[in-house]
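The values are calculated or read from the model by the stated rules, or taken from the named source; none is laboratory data. Predicted, not measured: the structure shown is a model, and the values here were computed from it. With ideal geometry, Cβ positions are generated from the backbone for all residues, glycine too; neighbour counts draw on all protein chains shown. Note: areas computed on protein heavy atoms with side chains; ligands, DNA, RNA excluded. Shrake-Rupley method; radii C 1.70, N 1.55, O 1.52, S 1.80 Å.
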Amino acid sequence: MEKIFDRPKGLTDVPFHYCPGCTHGIIHRLLGEVLEELDIIETTIGVAPVGCSGFMLDMVSCDMVGGAHGRAQAIATGIKRSRPDRIVFTYQGDGDIAAIGMSHAVHTAARGEKITTIMVNNAVFGMTGGQMAPTTLGGQITTTSPYGRDNLFSGPPIDLPKTIATLDGAVYVAAGSVDSPKRIIETKRMLKKAFQVQQQGLGFSFVSILSTCPSNWGLSPVDSLKWLRDNMIPVYQLGELKVAEEVKAL
């Protein structure tokens, strides 16, 4: 019998061990497919810091480097500058890149480093216990905002892709989600284009992906998808936020 669906070559045979309903696994699948389809598995180096994103070090077939919290883009910059022939990406959670890693995110984009960054946004610090992150929504209950985030006290959540899109060095900025089949397909296209931007040496590419965190949200997997649609999508703009002229031909 012909096999029509299989694990992409961009993933190893290490089983995913994320919490039930976590959509990191879907994003890994998309990444693995893109690496295979572009035939860049052997020439790609990924950087993942601590947190849930760090689990992927053994799950992706390309070379991977572990990084300190928030420093993935600094490490990726060093790798790309020393090995410009390699495709280099970072895979970071919102609590990582939008908090301790914010300065790296802004200046990596401003310099136009020819790397690709993937940000997984689930509106909390996931692995460390569900604390409030820079992306936590107004009124959202977390372990460090038990009465809900007060935007007057803590400020409103940061929509990082919008900030990155204002910087000249960023040539492709997109924001997707993995809460439905339609959006999963759209997000894969964004990831593929981001890597194609790097293949052509055009500049910095950034893809943010809305994801669930059922364990820290205190919801079932099904309810967490609904919560994402009802609460996160109205706050975080989806789509291609910036496509530079040199990227439009891809």
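Return the residues of region 220-250 that are without any contact (Cβ under 8 Å) to a residue 40 or more places away in the chain and either of a type in the set (A, V, I, L, M, F, W, C) or in contact with a Lys or Arg (Cβ under 6 Å, 6 or more places away or on another chain) (or both); say none if nothing qualifies.
Our first condition is that a residue be without any contact (Cβ under 8 Å) to a residue 40 or more places away in the chain; within region 220-250, this holds for 223, 226-227, 230, 234, 245, 248-249.
If the condition is that a residue be without any contact (Cβ under 8 Å) to a residue 40 or more places away in the chain and either of a type in the set (A, V, I, L, M, F, W, C) or in contact with a Lys or Arg (Cβ under 6 Å, 6 or more places away or on another chain) (or both), then Trp227, Ala249 are the ones that fit.
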Q) out of contact with any Cys (no Cβ under 9 Å at 6 or more places or on another chain), crowded, with 23+ Cβ neighbours inside 10 Å and not β-branched (Val, Ile, Thr), is that true of Asn151? A) no
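Test Lys9 against the stated conditions and say whether it is part of a loop (DSSP other than H, G, I, E, B), farther than 30 Å from Val222 by Cβ and not β-branched (Val, Ile, Thr). Working first, answer last.
Values: part of a loop (DSSP other than H, G, I, E, B): yes; farther than 30 Å from Val222 by Cβ: yes; not β-branched (Val, Ile, Thr): yes.
Yes; evaluated as a whole, the condition is true for this residue.
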Q.
in a helix (DSSP H, G or I) and surrounded by 22 or more Cβ atoms within 10 Å (Cβ to Cβ): is that true of Ala194 in this structure?
A. yes
**Q.** Residue list for region 161-179, restricted to those being among the polar types (S, T, N, Q) and in contact (Cβ under 8 Å) with a residue 40 or more places away in the chain
**A.** Thr163, Ser177
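Given the structure, is Phe16 in contact (Cβ under 8 Å) with a residue 12 or more places away in the chain, buried (at least 22 other Cβ atoms within 10 Å of the Cβ) and outside any helix (DSSP H, G or I)? Step through it out loud before you land on a result.
On the way: in contact (Cβ under 8 Å) with a residue 12 or more places away in the chain: yes; buried (at least 22 other Cβ atoms within 10 Å of the Cβ): no; outside any helix (DSSP H, G or I): yes.
No.
Does region 129-147 include one or more residues that are under 20 Å from the mean Cα position of the chain (by Cα), polar (S, T, N, Q), over 24 Å from Tyr18 (Cβ atoms) and surrounded by fewer than 19 Cβ atoms within 10 Å (Cβ to Cβ)?
No, there is no match, as no residue in region 129-147 is under 20 Å from the mean Cα position of the chain (by Cα), polar (S, T, N, Q), over 24 Å from Tyr18 (Cβ atoms) and surrounded by fewer than 19 Cβ atoms within 10 Å (Cβ to Cβ).
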Q: Determine whether Thr163 is surrounded by 23 or more Cβ atoms within 10 Å (Cβ to Cβ) and modelled with pLDDT of 95 or more.
A: no
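Right, Ile75: open to solvent by less than 60 Å² (accessible area, probe 1.4 Å), aliphatic (A, V, I, L, M) and at pLDDT 95 or above or not? Can you show your working first?
Values: open to solvent by less than 60 Å² (accessible area, probe 1.4 Å): yes; aliphatic (A, V, I, L, M): yes; at pLDDT 95 or above: yes.
Here the answer is yes, as Ile75 does meet what is asked.
Restricting attention to region 84-98, which residues are open to solvent by less than 40 Å² (accessible area, probe 1.4 Å) and either aliphatic (A, V, I, L, M) or within 13 Å of Gln198 (Cβ to Cβ) (or both)? Explain how you work it out, then say what you get.
Applying the first criterion (open to solvent by less than 40 Å² (accessible area, probe 1.4 Å)) to region 84-98 yields 87-98.
Matches in region 84-98: Ile87, Val88, Phe89, Thr90, Ile97, Ala98.
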Q.
Just the residues that are open to solvent by less than 40 Å² (accessible area, probe 1.4 Å), in contact with a helix residue (DSSP H, G or I) (Cβ under 9 Å, 6 or more places away or on another chain) and either at positive phi or not in a helix (DSSP H, G or I) (or both), please, taken from region 197-225.
A. Gly203, Phe204, Ser205, Phe206, Val207, Ser208, Ile209, Leu210, Ser211, Thr212, Cys213
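Restricting region 42-56 to residues that are modelled with pLDDT of 95 or more and either hydroxyl-bearing (Ser, Thr, Tyr) or in a helix (DSSP H, G or I) (or both), which is surrounded by the fewest Cβ atoms within 10 Å (Cβ to Cβ)? Before you say what the answer is, go through the steps one by one.
Taking region 42-56 as the starting set, the residues that turn out to be modelled with pLDDT of 95 or more are 42-48.
Now narrow it down to the ones that are either hydroxyl-bearing (Ser, Thr, Tyr) or in a helix (DSSP H, G or I) (or both): 42-44.
Numbers: Glu42: 11, Thr43: 16, Thr44: 23.
Filtering region 42-56 for residues that are modelled with pLDDT of 95 or more and either hydroxyl-bearing (Ser, Thr, Tyr) or in a helix (DSSP H, G or I) (or both), the one surrounded by the fewest Cβ atoms within 10 Å (Cβ to Cβ) comes out as Glu42.
In this structure, does Ile79 turn out to be assigned to a strand (DSSP E or B) and within 16 Å of Phe204 (Cα to Cα)?
Values: assigned to a strand (DSSP E or B): no; within 16 Å of Phe204 (Cα to Cα): yes.
No, not satisfied.
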Q: Tally the residues that are at negative phi and either buried (at least 19 other Cβ atoms within 10 Å of the Cβ) or free of Cβ contacts under 8 Å to residues at least 60 places away in the same chain (or both), restricting the search to region 27-39.
A: 9
